[in-house]
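The values are calculated or read from the model by the stated rules, or taken from the named source; none is laboratory data. The structure presented is a predicted model; accordingly, all values stated were derived computationally and were not measured. Heads up, the Cβs are rebuilt from the backbone with ideal geometry, glycines too, and the neighbour counts pull from every protein chain shown.
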Amino acid sequence: MENCICAKPGSGSVLRECSFFLCGRRACVFFARSGAGLTDASVSETLNRQSERILDDYGNSILRLAYSYLHNQSDAEEILQDTLIQFLKAAPVFENETHKKAWLLHVAGNLSKNRIDFNRIRDTDELNEELISQEQEDLTFVWEAVKSLPVRYRETIHLFYYEGCSTAQIAEILQQKESTVRSHLDRGREKLKDILKEAYDFE
Amino acid sequence: MTLSEKYDKIMGKIEVTEGMRRNVLSAVQNADLSAGSKIIRFPNWKRYLSAAACLVVIVSCVFLGFKLFHQTGSPPVQASGTISECAGIDELAETVGFPISDVATLPFEATASSYISFWGRLGQIVYSGADGQSAVYRKSVGSEDNSGDYNDYSDIEEIKEGSVTVTLKGNDGLYNLAWWTDGEYSYSLSISPGTDISAWETIIEGIQ
């Protein structure tokens, strides 16, 4: 943000000089509204570049987390979109990339959980259909087992095993105590073992 | 392939496609990004339900308060008795009013012991060993579990010792707790570190 304020308004290179991270949407909106000389096109270009960067770096992680909650491609895509919008609206400043990712996953998780309550209508699970059509029975079996877990266990399992987050990071993302996360992880694993009849082991 | 690898493979099938990318970017461009506060209104039924719940709580409090205020008769009496430390096994037996003996077959040599009477109904002896071992022996009238040990143990076994069935609880084949009753008295012995079943058989045989 400091970079933006120090730059000369009206200069065509203002936005290029801004770090994407430090120059949030609020600053851009401020300059645009205050007639500081930024054109709609340059604001739009900045937003686009920020969005593209998030999509490149974290798009898949957000989409997969959303899918793990909602089991539906359209819903997951909307969560990805809403997370991006929240990011641009809030224009948060982070200490490092880990915090940035944690923030995005936290928002995506919350939006997904809200949607679970709001929307119980869609039953289409494209991933399951794809696995079945490809006759990947073992993967179908695993996916069905993970899907059947309660949300609190499923989200922990996903973040721990897929995203490789530590229990402390999961606690930060889900806003839970670390002991709760550990307990959910253990119980989730136990339940999976029960369902899969110890056919597989998490390692 | 581990379950974790399978899950990775499953998740690998979900990715941001070019079409999805275009849709998302287009939606972001068209979104209203002004940082206005979002007002979320409670649905009416939730509002009424909340009000009704508050009313029920208030009415209940008033009713209970009225009952308590006008309550007659004698006030509740706390059970008499105290927790008292005794000088030795004889004093403990005298205080609780039933025979109780030291445990002579502990798996370690006790370097210290203490004798406590709980409310004159339960006798407890705590033994400590030189290397941090400890044992807590309890005896009380009745047939309820008197161990006071509410830990979750993965291993639970029952063994027969004479005419009684002893329940052993522990983890990984080592048992920390034994509880049994002869119908008249309830007994429990908790030992740390845990020990195996054969050692427990010797210990309990000594108590019986």
Residue check: is B:D102 modelled with pLDDT of 90 or more and touching a helix residue (DSSP H, G or I) at 6+ places or on another chain (Cβ under 9 Å)? yes
Across (1) in a strand (DSSP E or B); (2) within 20 Å of B:I197 (Cβ to Cβ); (3) of a type in the set (D, E, K, R), B:D145 clears everything bar (1)
Report yes if some residue within the stretch B:160-177 is among the aromatic types (F, W, Y), touching a Ser or Thr at 6+ places or on another chain (Cβ under 7 Å) and farther than 30 Å from B:T82 by Cβ; otherwise report no. yes
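What number of residues within the stretch A:89-113 are modelled with pLDDT under 85 and of a type outside the set (K, R)?
At the first step, the residues of the stretch A:89-113 found to be modelled with pLDDT under 85 are A:89-95.
Add one more test, that the residue is of a type outside the set (K, R), and what stays is A:90-95.
Residues in the stretch A:89-113 being modelled with pLDDT under 85 and of a type outside the set (K, R): 6 in total.
Would you pick out the residues in the stretch A:53-106 that are among the aromatic types (F, W, Y) and in contact with a Lys or Arg (Cβ under 7 Å, 6 or more places away or on another chain)? Spell out the reasoning first.
Of the residues in the stretch A:53-106, the ones among the aromatic types (F, W, Y) are A:58, A:67, A:69, A:87, A:94, A:103.
Within the stretch A:53-106, A:Y58, A:Y69, A:F94 qualify.
If I filter the stretch A:167-185 down to residues being part of a loop (DSSP other than H, G, I, E, B) and over 22 Å from A:L63 (Cβ atoms), which single residue comes out as nearest to the other protein chains (Cβ to nearest Cβ)? Full working, then the answer.
Kept after step one, since they are part of a loop (DSSP other than H, G, I, E, B), are these residues of the stretch A:167-185: A:175-177.
Restricting the remaining residues to those that are over 22 Å from A:L63 (Cβ atoms) gives A:176-177.
On the way: A:Q176: 21, A:K177: 19 Å.
Step by step, filter the stretch A:167-185, then rank; the result is A:K177.
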Quick one: what pairs do we get from the stretch A:85-100, first residue basic (K, R), second modelled with pLDDT under 85, C-beta under 6 Å, 6+ apart or different chains? A:K89/B:L33; A:K89/B:A35; A:K100/A:F94
Could you please let me know if A:F87 is within 12 Å of another protein chain (Cβ to nearest Cβ), buried (at least 20 other Cβ atoms within 10 Å of the Cβ) and under 21 Å from B:K13 (Cβ atoms)? no
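Restricting attention to the stretch B:1-22, and to residues there that are assigned to a helix (DSSP H, G or I) and more than 7 Å from chain A (Cβ to nearest Cβ), which single residue is surrounded by the fewest Cβ atoms within 10 Å (Cβ to Cβ)? Give the steps one after another, and end with the answer.
Taking the stretch B:1-22 first, the residues assigned to a helix (DSSP H, G or I) are B:3-11, B:18-22.
Next, only the ones that are more than 7 Å from chain A (Cβ to nearest Cβ) stay: B:5, B:18-19, B:22.
Values: B:E5: 14, B:E18: 7, B:G19: 9, B:R22: 10.
The residue in question is B:E18.
Can we say A:S112 is more than 10 Å from chain B (Cβ to nearest Cβ) and touching a Ser or Thr at 6+ places or on another chain (Cβ under 9 Å)? Walk me through it before giving the result.
Numbers: more than 10 Å from chain B (Cβ to nearest Cβ): yes; touching a Ser or Thr at 6+ places or on another chain (Cβ under 9 Å): yes.
For A:S112, the condition - more than 10 Å from chain B (Cβ to nearest Cβ) and touching a Ser or Thr at 6+ places or on another chain (Cβ under 9 Å) - is met.
In the stretch A:186-199, which residue that is part of a helix (DSSP H, G or I) and without any contact (Cβ under 8 Å) to a residue 12 or more places away in the chain is farthest from A:T156 (Cα to Cα)? Before the answer, list the steps.
Pass one, the stretch A:186-199, residues part of a helix (DSSP H, G or I): A:186-196.
Imposing the further condition that a residue be without any contact (Cβ under 8 Å) to a residue 12 or more places away in the chain reduces the set to A:186, A:190, A:193-194.
Working: A:D186: 10, A:E190: 13, A:K193: 16, A:D194: 18 Å.
The qualifying residue farthest from A:T156 (Cα to Cα) is A:D194.
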Against the definition (of a type outside the set (A, V, I, L, M, F, W, C) and more than 9 Å from every other protein chain (Cβ to nearest Cβ)), how does A:E78 come out, yes or no? no
Only one of (1) touching a strand residue (DSSP E or B) at 6+ places or on another chain (Cβ under 9 Å); (2) free of Cβ contacts under 8 Å to residues at least 24 places away in the same chain is not met by B:E144, so which one is it? (2)
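Can you say whether B:L49 is modelled with pLDDT under 90 and facing chain A (nearest Cβ under 7 Å), as far as the supplied structure shows?
no
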